[in-house]
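The block underneath contains the structure these notes are about, expressed in structure tokens.
What follows draws every value from the coordinates through simple rules; no lab data is involved. Every value quoted in this text rests on a predicted model; they were computed, and no experiment measured them. Methodologically, a virtual Cβ is constructed for each residue, glycine included, from the backbone with ideal geometry; neighbour enumeration extends over all protein chains shown.
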Amino acid sequence: MKQLSRWASIAAFTLFSAFSAVQAEEVIAKQGDITLRGDLSLAEGKTTKDGVILMLHGTLAHNQMEIMQSLAGLLKESGYNTLNINLSFGIDKRPSAMLDCTIEHKHKHEDAVAELDTWMNWLKAQGASKVVLLGHSRGGNQVSWYAAEKDSDLLEKVVAIAPATWDAGNAAKEYEERYTKPLADVLGEAQKLVDAGKGDTVMDLPGFVYCEKAKATAAAFVSYYKDDERKNTPSLLPKIKKPMLIARGSADEVVADLPAKLEKVKQDNLTVETIDGADHFFLDLYADELAEKIVTFVGWK
């Protein structure tokens, strides 16, 4: 997977995408000093006791990007409640917009797992009887990570849409191609700071995720770039015991290596669906087909 260049294309797309409005109530949850934001949308005649699909967006994105809004609306029409959450990236009450590349990045890839746990506890407090975790792209990896390592009695099923893959060799090659500096050099410097207990040190970087000439803490850089098989969604699947759906588009160039990696995974609780012609974002009628597959898989009446 061409991680860096493809995450850049995701960012460019979401910055200019239009989204359909879904009538929802903004809700908040506290995590330490940070207030997390989400949009709770209840289907007609339903309450949280009927179950909620907890939805997570992709890389440095937000809960009102087109694919998330489209799915929330289509699922609501099919009688499903959704909680469409907005990752904080360490920012209190972060707005629903692409993350500003010029900030000092202190967030970590795995922070999403902790935020998902906060929202699961919030849903339990709201009387939810069951939850399906749904994530797109990097969010698909993060919901899978949660299901593999934390799980919950509330968690019934998992849906990963075009979930992220990871290959350390490809990441290194693409970093150097994009930012003209070997990833190993930058990562080595960041790792030394982390090992010395100075992970909060802000580094001037040639690039961070898709942000050029970025500032990020050493710990943040290590989190996003260290070789960790958990960032490769297929590697997590054997640890996930709940029923799981992976949906992909046949024209998806962002996670083009996903089909080959899934061929190596054989387990009874995994369903893989391919939507012919869809790319990474499942636009227009592809979103309808995706929603139909999700509804069939979840199977709530």
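Across the chain, C-alpha contacts under 8 Å between residues 6 or more apart give a mean separation that, scaled by the residue count, equals a relative contact order of 19 percent. Among 180-191, 116-127, the peptide with the highest mean count of other Cβ atoms within 10 Å heads the list, and the full ranking is 116-127, 180-191.
Counting only DSSP beta bridges whose two residues both lie in the chain, roughly 40 percent are antiparallel. Each Lys or Arg adds one and each Asp or Glu subtracts one; over the other residues with Cβ under 15 Å from the Cβ of Lys93, this totals -3. Debye-formula intensities of the stretch 148-192, expressed as log10 I(q)/I(0) at q = 0.13, 0.19 Å⁻¹, are -0.54, -0.72 (one equal scatterer per alpha-carbon, no solvent). In the stretch 148-287, the inverse of the mean reciprocal separation of distinct Cα atoms equals 17.1 Å; this is its Kirkwood hydrodynamic radius. For the chain, adding -39500 (n - 2.57) for each run of n ≥ 4 DSSP H residues and dividing by the number of residues yields -11000 deg cm²/dmol at 222 nm.
If you wrap the tightest convex hull around every Cα atom of the stretch 160-243 and split its volume per residue, you get 112 Å³.
Could you state the number of Å between the C-alpha centres of the stretch 128-206 and the stretch 95-116? Taking the Cα centre of the stretch 128-206 as reference, the centre of the stretch 95-116 is 11 Å away. The phi torsions of the stretch 191-201, fed into the Karplus equation with coefficients 6.51, -1.76 and 1.60 and a -60° offset, translate into couplings of 5, 4, 5, 4, 5, 8, x, 10, x, 7, 5 Hz, rounded to whole numbers, with Gly and Pro shown as x. Sequentially through the stretch 285-297, phi angles give Karplus couplings (6.51, -1.76, 1.60; θ = phi - 60°) of 5, 5, 5, 4, 5, 4, 4, 4, 5, 5, 4, 4, 5 Hz, Gly and Pro residues having no value and appearing as x.
Listed highest first by mean packing, meaning other Cβ atoms within 10 Å per residue, what order do 68-74, 35-41, 193-199 come in?
Order by mean packing, descending: 68-74, 35-41, 193-199.
The radius of gyration of the Cα set in the stretch 124-183, together with its Dmax, comes out at 16.6, 52 angstrom. Within the shell defined by Cβ-Cβ distances under 14 Å, the residues around Ala24 carry a net charge of -2, with Lys and Arg each +1 and Asp and Glu each -1. Please state the Cα pair-distance histogram of the chain with 10 angstrom bins from zero: what percent is in each bin? Calculated P(r), rounded to whole percents: 6, 29, 37, 22, 5, 0. Over all other residues within a Cβ to Cβ distance under 12 Å of Ile103, the charged ones net out to +1, with Lys and Arg as +1 and Asp and Glu as -1. From most to least packed by mean Cβ count within 10 Å, the peptides 104-112, 157-165 give 157-165, 104-112.
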